[in-house]
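Structure, as structure tokens:
The values are calculated or read from the model by the stated rules, or taken from the named source; none is laboratory data. Please read all numbers here as calculations on a predicted model, not as lab measurements. Reconstructed Cβ throughout: ideal geometry from the backbone, glycine too, with neighbour counts over all protein chains shown. What goes into the accessible areas is simple: the full protein's heavy atoms, side chains included, and nothing from ligands, DNA or RNA. Shrake-Rupley method; radii C 1.70, N 1.55, O 1.52, S 1.80 Å.
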Amino acid sequence: MFLVNDSFDASYTTVPNSPNRPEQRAQTMADYIYLLQTRLTAAQQQSLALVRDVARSRGMTVFLVGGAVRDLTSGSPIRDLDVVVQGNALKLRKDLQSAGATIAGENELMQALYLNFAGGIRLEVGSTLSVSYPKPGKPKVEPATILDDLRRRDFTANAMAISLNEGSYGLLMDPLNGVADIENRELRLVSNYGFIEDPARMIRAARFGARLGWHMEEKTQQRYDTGKAENYIEALSPTLRGYETEEIVHEEDPLRVLRRLESEGWSKSLFPAWTSAKANEPELTRLRDTVGQLEAMGIHPDPSAAYFPLLTAKLAPKDVAELKKSFARPGFVEQIASLDADTKNFAAKFNSKAAAAPSDAWKMLMTAVPEQILWLAHTSKSAPVLARFQAFFTEWPQARQRIPYQIMQEMRITPDLPSYAELIETLFFAIMDGKLDTPEATKAFLEPFSPPAPPPPVNMRRRAVKRETKAPKPRGKKAAAAALEQSDENRNADVAVAAEASAPVEKPAAKVKPVAVKEPAAKPAKAIAPKPPVKAAVKPAPAKAAKAVAAKKVVAKKQVPPAKMAKKVAKPVKVVAKRVVAKKAVAKKIVAKAVAKKAKPPVKSKAPVKAKPVKKAPAKVAKKVVAKSKPKGKR
């Protein structure tokens, strides 16, 4: 049995310019998966999925081939879908009919089925074959692999395939480097004997040239000219003659193709009585404009059945009947015959009360058969019908631009709601019918869809409470100074300045009990010698800082032995050296506290006689501070 992965490897190794490395293959797969998802219409994707599921249920691998792959790669409109399966495609007839396909025709020799799907989709399902030509125009077919099937095709641009199988979906197979010819917009024969084996390929070359605007590669052009000169077309089989004649009607611009075939001389070989002069060119142009308008609205009809009566408008009825009889798809002939009757039935519904409101008419047009919509829009003479189609093309779509997204946002109706898309459509139809003319009406309409307001967020943070900083409880000899600092923070600065002016301070030389007085000059050498603080104290300090030092000394009076008192006196000097500049207001408060607590006159003290002044600089600074504070006491 044919292995998909092995065939893929073979396809890449046979093509120098194709990606061989796994990462290149993965990138190519991603590119074509994207093209399949974006370039195909929803109806085309659904049709491919149905065929794929049916083939897989029968154990067949399936590939998208031919013109569909070419148009995907080149960016041209994709009109037809060609699919091949590895096996006999004729065995899928019943399964495909059960899946919703309509059998329009078949070709037993090439094991092909011509299908129609909903939405105007034409799809051909064939078998992977190897074809040989013992005689021109007389093919002999055998089952083969996908690679052999690609190598028996007409042009390299059509000899490509995309896998639709699980595990390799989107993988491109291009054994003959057709991508390069697509880039050059060239038609190159797969076989040097292509025009001899199958003369229909010359007609096909002219048709592709008229549709795509491509030119033939140099050697292909030479063989084409040789075929015309030697009249290879005589070997054209009746089946292929009818197939190529019908393909003219299926073209996007059939009149241009018909004229190209006339200029190349191929019309005489197909159907001599049918020429471009027999067509109604103005009506064809108007019909093509209507097709463009419907496609812009998301409706994609197959205009082939509508083209036919306009292309044969001046042809004799007998010739018209003979032309239909030659077509390869009997189902297409039936579609042409039933188009008028089906359109009349649709027109009756479109004019009924079921389509009275604009929204109802819109819904009916979006769900009806596209071919019937096209033919009604083109052939109707009814003024109301034409007015509705005009509103459908121009006025009604503007309702989508008036959807009140801002009001919806204010009412907490956001895209994350489960029913948001349905609500948008409901709004679209309500605006189309003129039900929401004012903001008040819009809000009333949206109120049932508005979700409840979310509860206010709970603030778990506690409110900050200001707490007075409590100094640590003083211990031992530092109790007086710490208690004074704690009470000083609650004093008013202005009261402190006034108290400072009236506070009496005595000279340090007067008689003072050694127990109650601290004098910095009498501090032992070890306590007076701090490194950085003493240097800072030597610097000239402001007058207020000196006063603060004096006040600090007076406040700290307590019953302490002389030696320990001297050590206690040195510490305020260190504190002053560090904080004298930054805390002037605190110094004033200390003075005020000292004045308030003094109930007795200041006690005079003498400095110990045996104190060793190791460094004179701090002693002089202390004396200066005491001297400056003396006049205040006298005042």
> Considering the range 149-171 alone, what residues qualify as being among the small types (Gly, Ala, Ser) and in a loop (DSSP other than H, G, I, E, B)?
Replying inline: ALA159, GLY167, SER168, GLY170
> Somewhere in the range 348-360, is a residue within 44 Å of the chain's Cα centre (by Cα) and over 30 Å from ALA399 (Cβ atoms)?
Replying inline: no
> So which residues in the range 335-344 are over 46 Å from the mean Cα position of the chain (by Cα) and closer than 12 Å to PHE308 by Cβ?
Replying inline: ALA337
> Across the range 159-216, what is the total count of residues that are hydroxyl-bearing (Ser, Thr, Tyr) and within 23 Å of LEU40 (Cβ to Cβ)?
Replying inline: 3
> Pick from the range 103-123 the residues that are of a type in the set (D, E, K, R) and part of a strand (DSSP E or B): which of them is least open to solvent (accessible area, probe 1.4 Å)?
Replying inline: ARG122
> Would you pick out the residues in the range 166-197 that are surrounded by 19 or more Cβ atoms within 10 Å (Cβ to Cβ) and closer than 29 Å to ALA55 by Cα?
Replying inline: GLY170, LEU171, LEU172, MET173, ASP174, PRO175, LEU176, GLY178, VAL179, VAL190
>> closer than 20 Å to VAL257 by Cα and open to solvent by 20 Å² or more (accessible area, probe 1.4 Å): is that true of PRO309 in this structure?
In response: yes
>> It is to be established whether one or more residues within the range 229-238 are under 46 Å from the mean Cα position of the chain (by Cα) and either within 29 Å of PHE327 (Cα to Cα) or modelled with pLDDT under 95 (or both).
In response: no
> Here are some residues: LEU261, LEU294. Which one is in contact (Cβ under 8 Å) with a residue 12 or more places away in the chain, closer than 30 Å to PRO397 by Cα and open to solvent by less than 10 Å² (accessible area, probe 1.4 Å)?
Replying inline: LEU294
> Is it the case that some residue within the range 403-411 is open to solvent by less than 20 Å² (accessible area, probe 1.4 Å) and under 21 Å from GLY298 (Cα atoms)?
Replying inline: yes
> Which of the residues that make up the range 195-225 are more than 22 Å from GLU246 (Cα to Cα), among the charged types (D, E, K, R) and in contact with a strand residue (DSSP E or B) (Cβ under 6 Å, 6 or more places away or on another chain)?
Replying inline: GLU217
> Quick one: in the range 320-334, which of the residues that are open to solvent by less than 50 Å² (accessible area, probe 1.4 Å) and in contact (Cβ under 8 Å) with a residue 24 or more places away in the chain is farthest from GLY105 (Cα to Cα)?
Replying inline: LEU323
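Yes or no, residue by residue, for (1) polar (S, T, N, Q); (2) in contact with a Lys or Arg (Cβ under 6 Å, 6 or more places away or on another chain); (3) crowded, with 17+ Cβ neighbours inside 10 Å; (4) part of a helix (DSSP H, G or I):
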{"position": "ASN345", "(1), (2), (3), (4)": "yes, no, no, yes"}
{"position": "ALA354", "(1), (2), (3), (4)": "no, no, no, yes"}
{"position": "LYS363", "(1), (2), (3), (4)": "no, no, no, yes"}
{"position": "GLU371", "(1), (2), (3), (4)": "no, no, yes, yes"}
{"position": "ALA377", "(1), (2), (3), (4)": "no, no, yes, yes"}
{"position": "GLN390", "(1), (2), (3), (4)": "yes, no, no, yes"}
> Quick one: how many residues across the range 326-343 are outside any loop (DSSP other than H, G, I, E, B) and either of a type in the set (Ser, Thr, Tyr) or closer than 13 Å to TRP274 by Cβ (or both)?
Replying inline: 2
>> Out of the residues in the range 214-251 meeting the condition of being over 16 Å from LEU189 (Cα atoms) and of a type in the set (A, V, I, L, M), tell me which one is surrounded by the most Cβ atoms within 10 Å (Cβ to Cβ).
In response: ILE248
>> Just to check your reading of the model, which residue among THR394, THR379, THR426 is among the polar types (S, T, N, Q) and more than 29 Å from GLY292 (Cβ to Cβ)?
In response: THR426
> If you take the residues of the range 130-148 that are small (Gly, Ala, Ser) and not in a strand (DSSP E or B), which of them is modelled with the lowest pLDDT?
Replying inline: GLY137
> From the residues in the range 117-129 that are modelled with pLDDT of 95 or more and in contact with a strand residue (DSSP E or B) (Cβ under 6 Å, 6 or more places away or on another chain), which one is nearest to MET297 (Cα to Cα)?
Replying inline: LEU123
> When the residues of the range 86-102 are filtered to those that are assigned to a helix (DSSP H, G or I) and touching a strand residue (DSSP E or B) at 6+ places or on another chain (Cβ under 7 Å), which remaining residue is nearest to GLN44 (Cα to Cα)?
Replying inline: LEU96
>> Looking at LYS314 and the list (1) more than 30 Å from GLU234 (Cβ to Cβ); (2) touching a residue at least 12 places away in the same chain (Cβ under 8 Å); (3) among the charged types (D, E, K, R), which single condition is not satisfied?
In response: (1)
> What pairs come up if the first residue lies in the range 367-386 and is more than 12 Å from GLY119 (Cβ to Cβ) and free of Cβ contacts under 8 Å to residues at least 12 places away in the same chain, the second is polar (S, T, N, Q) and surrounded by 13 or more Cβ atoms within 10 Å (Cβ to Cβ), and their beta carbons are under 7 Å apart, counting only those six or more places apart or on different chains?
Replying inline: LEU386/SER380
>> Regarding the range 454-472, can at least one residue be identified that is surrounded by 10 or more Cβ atoms within 10 Å (Cβ to Cβ), in a loop (DSSP other than H, G, I, E, B) and modelled with pLDDT of 65 or more?
In response: no
>> Considering only residues that are outside any loop (DSSP other than H, G, I, E, B), free of Cβ contacts under 8 Å to residues at least 24 places away in the same chain and surrounded by 14 or more Cβ atoms within 10 Å (Cβ to Cβ), which ones fall in the range 264-284?
In response: SER267, SER276
> Yes or no: PRO254 farther than 17 Å from THR343 by Cβ and either open to solvent by 60 Å² or more (accessible area, probe 1.4 Å) or among the hydroxyl-bearing types (Ser, Thr, Tyr) (or both)?
Replying inline: no
